[in-house]
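Okay, so here's the structure we're looking at.
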């Protein structure tokens, strides 16, 4: 079984998303229209996680330290 999980920078975790699309929609719902979802090597590129930032400026040249959350693919 594959699920997607959102881990917020403040520590809260949200589980049980049945698709990457539904997890990304939740991130946009929580952080608003300026949120940036994705980076090189993210889930859509075969990676293990997708980082998300509150805005484009925060995402520039960031190693993830300014990310607001991440989406992970969980295999059970």
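No lab work stands behind these numbers, since they all come straight from the coordinates. These numbers come from a predicted model, not from an experiment. Note: ideal-geometry Cβ built from the backbone for every residue, glycine included; neighbour counts use all protein chains shown.
Here are some notes:
- Relative packing of 45-51, 7-13, which averages over residues the other C-beta atoms within 10 Å, highest first: 45-51, 7-13
- Figure legend: label point modelled 7 angstrom from the Cα of residue 40 along Cα→Cβ; residues of the range 56-76 with amide N under 13 Å from it are 61-63.
- Applying 0.36 nm per residue to the separation of residue 55 and residue 26 and subtracting their alpha-carbon distance, the gain on full extension is 8.9 nm.
- With the simple model of a label 7 Å out from the Cα in the direction of the Cβ, residue 76 to residue 18 spans 1.3 nm.
- The chain: relative contact order in percent, alpha carbon pairs under 8 Å with at least 6 residues between: 37
- Rounded if a/c under 1.5, otherwise prolate or oblate - the range 21-60, Cα gyration tensor axes: oblate
- Evaluating kT/(6 pi eta Rh) at 25 °C and 0.890 mPa s, with the Kirkwood radius of the range 2-75 over Cα pairs in the Stokes-Einstein relation, gives 204 µm² s⁻¹.
- Using alpha-carbon coordinates, inclination of helix 20-31 to the longest axis of the chain, degrees: 40
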